[in-house]
């Protein structure tokens, strides 16, 4: 099995597991469990023809915060008329400790945001995750769960 297939299956299974434990979701996400009054911590993902970047490599968040990945696809069509607004973006933890970081969707079907909730009992520390943008590439930034 290739890495893309394994990652897709893993993200699908993680999403199903999170959905089974969730209360009513906020309108723009199906996998959140944070309280409605939680502050949002944004990471902007820019991507397109020859571009894949995040605005911050290490984001600090608190427990019970929403970690919001804002999708910013290139407006122009890519090779073979690829519409970057429909390209799937997958955010997934790099290891078992980071499995809580899991969400995927395109700009077109997610309203431009992927929401992940930091569990209320998440251990403080640094967690690594992958951002995979189909047809573009992969990045590996970090998020720090911080008590302050």
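What follows draws every value from the coordinates through simple rules; no lab data is involved. Just so it is clear, the structure is predicted and the values come from calculations on it, not from any experiment. Please note: Cβ atoms are built from the backbone with ideal geometry, for glycine as well, and neighbour counts cover all protein chains shown.
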Response to the item:
residue 56 and residue 99 label points (each 7 Å along its Cα→Cβ direction) are spaced in nm at 2.7 nm
Worksheet, complete the sentence: A student applying the Cα gyration tensor rule (rounded when a/c is under 1.5; otherwise prolate if a/b is larger than b/c, oblate if not) would label the stretch 40-99 prolate
Practice prompt. Quickly work out the residue 148-to-residue 81 label distance, labels modelled 7 Å from Cα along the C-beta direction, and quote it in nm with one decimal.
Written response: 5.2 nm
Worksheet item: What does the highest-first list of 128-140, 47-59 look like by mean Cβ count within 10 Å?
Response: 128-140, 47-59
Discussion item. Need one number: nm distance between label points at residue 138 and residue 46, each 7 Å from Cα along Cα→Cβ, rounded to one decimal.
Written reply: 2.4 nm
Worksheet, complete the sentence: Taking only C-alpha positions in the stretch 97-139, Rg and Dmax in angstrom work out to 12.4, 36
Worksheet entry | Global form of the stretch 63-131, assessed from the alpha-carbon gyration tensor, a/c cut-off 1.5 | prolate
